[in-house]
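Working notes, beginning with the structure itself.
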Amino acid sequence: MITRRQLWIGGALTTTLAGTGFALYERKGPHIPTLSKEQPHRVIRLAWPRYEEDALWVVAMQKGYFSRHNLEVQIVPGLDEEEEVIGALKERQADAAIASILRWVPALYTHSLSAKLVTGLYAGTFRIFVARGSKIDRISDLQNKVIGVGDSSPNGLDRLFVSLMLRRKGMNPYKDITWRQLDEDDVLPLLEERGIDAYAAHDPDAWYFMQENVGDIQQLFSSITGQYEGRVNRVLGVDEGFLEQDLTGVQLLVAALQQSVKWIRDHLKETSALLEGVLKEMSQREILRMLYHESQGIAPIGKTLIVQTAQYIDEFKLLGLLPDTTNSYRLAKDMCQKIF
């Protein structure tokens, strides 16, 4: 069963992309390339974890953004975890893959695969909850506390994101925090019994948990505010060989995804209607409220993607996962590729 579960200000610049048939429009919102001539049919193999429940996939298919560019996007089957997605790209079972920037940075740093990041897709919303009356009022109160997560391994997505954030607050997430892996059904009882002091998750699971238990918990932190507001999470990476073989095909794929991002940002109510029945445990009204409380339109590309990737590299350095001597911007520039 399917489980529950970005924007910068552009000028009025319009640039024609020589030899591709694109016009690139830079305005409020993400860059949207548009097609100005007929393109041949293309098949692109895309590794995308849990794609069926992803608003971006649903909108791209339902609104015809792939088909209008004559793209046949074939999803690599059987991939539920982002590590599997990265693995599929490494093994050349996919031409492109969608995963968190928190997965891409370590994989690209170790040269375990030959790929380039070409566009951000959305922010992803991380949240930390505490029990009401817990006397934990700020992030600094989490020092020497127990935080529950769905995956307590150091590479668990929620743990890794929270670790980056805690390190920026001066804490050592390896020494100052005890991490406890939990099933979702055990979270609320453990919060109430003080078996854990906080719980970290990301949407839509985090939103659903918050709405189900609104009288018993309170949100301590959300990544849609403060220094993480506007930061990308999910990013499209493309096999370098495929980039060399069919740059126009990659541009078309990015165009379709960016157009889907923009449509979602501008049509939240319609998006919630499309997701009803996909996120089976949430009504359309609940989905719409969740969308309104998330950062929409965060889809950096080009230099903006490089800058955001460098920010994450800085944070990996703070955690000791990358050498302090690493030139963050240079490494980010090497990991990303401008395709327009």
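The values are calculated or read from the model by the stated rules, or taken from the named source; none is laboratory data. Being a predicted model, the structure only gives us computed values, none of them experimental. Glycine gets a Cβ as well: all are built from the backbone with ideal geometry, and neighbour counts include every protein chain shown.
Output the residues belonging to the range 211-233 that are over 22 Å from residue 140 (Cβ atoms) and surrounded by 20 or more Cβ atoms within 10 Å (Cβ to Cβ).
232, 233 - these are the residues of the range 211-233 that are over 22 Å from residue 140 (Cβ atoms) and surrounded by 20 or more Cβ atoms within 10 Å (Cβ to Cβ).
Of the conditions (1) modelled with pLDDT of 95 or more; (2) assigned to a helix (DSSP H, G or I), residue 299 satisfies every one except a single condition; which number is it?
(2)
Return the only residue of 257, 252, 247, 236 being buried (at least 19 other Cβ atoms within 10 Å of the Cβ) and over 18 Å from the mean Cα position of the chain (by Cα).
252 is the lone residue from the list that is buried (at least 19 other Cβ atoms within 10 Å of the Cβ) and over 18 Å from the mean Cα position of the chain (by Cα).
Could you check, for the range 111-127, whether at least one of its residues is in the same structural domain as residue 326 (by TED's automatic domain parsing), among the hydrophobic types (A, V, I, L, M, F, W, C), more than 16 Å from the chain's Cα centre (by Cα) and surrounded by 15 or more Cβ atoms within 10 Å (Cβ to Cβ)?
Within the range 111-127, one or more residues are in the same structural domain as residue 326 (by TED's automatic domain parsing), among the hydrophobic types (A, V, I, L, M, F, W, C), more than 16 Å from the chain's Cα centre (by Cα) and surrounded by 15 or more Cβ atoms within 10 Å (Cβ to Cβ).
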